Amino acid sequence: MGRIIKRRIKDELTLERELLGEAGIEDEVEVKVEKGRIILMPVLSEKGWDLLRQLGKDAVEGRLENASERHNEYLYSRVLR
């Protein structure tokens with residue numbers, strides 16, 4: 001795990017490049033504060049959004065009736081024949 005250094009001059013935190021790399025963070029981060037925690041997340045590049053938009057474009061119609069409504073039953077209750 002990387003080291004966190006507090007700079008008192010500007011009250012900012014500096015994270016080591018190695019730590020950021022392990023988290024997949026390059027140039028920009030999204031910062032959230034939840035339940036007393038500061039969460040840093042990598043910002044998806046436009047390339048990442050393009051990949052997300054491509055999901056399902058070549059999907060084949062399935063053989064399950066009402067699959068979107070009954071997905072838990074299909075996934076967890078029984079084996080399909």
Inter-residue pairs, beta-carbon under 6 Å, first at positive phi and in region 12-32, second in a strand (DSSP E or B), 6+ apart: G24/P42
Top-ranked residue in region 34-80 [being closer than 27 Å to L13 by Cα and part of a loop (DSSP other than H, G, I, E, B); ranked as modelled with the highest pLDDT]: K35
Residue that is modelled with the highest pLDDT, among those in region 10-33 that are surrounded by fewer than 13 Cβ atoms within 10 Å (Cβ to Cβ), farther than 24 Å from E46 by Cα and not hydroxyl-bearing (S, T, Y): V33
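The values are calculated or read from the model by the stated rules, or taken from the named source; none is laboratory data. Note that this is a predicted model, so its numbers are computed, not measured. Heads up, the Cβs are rebuilt from the backbone with ideal geometry, glycines too, and the neighbour counts pull from every protein chain shown.
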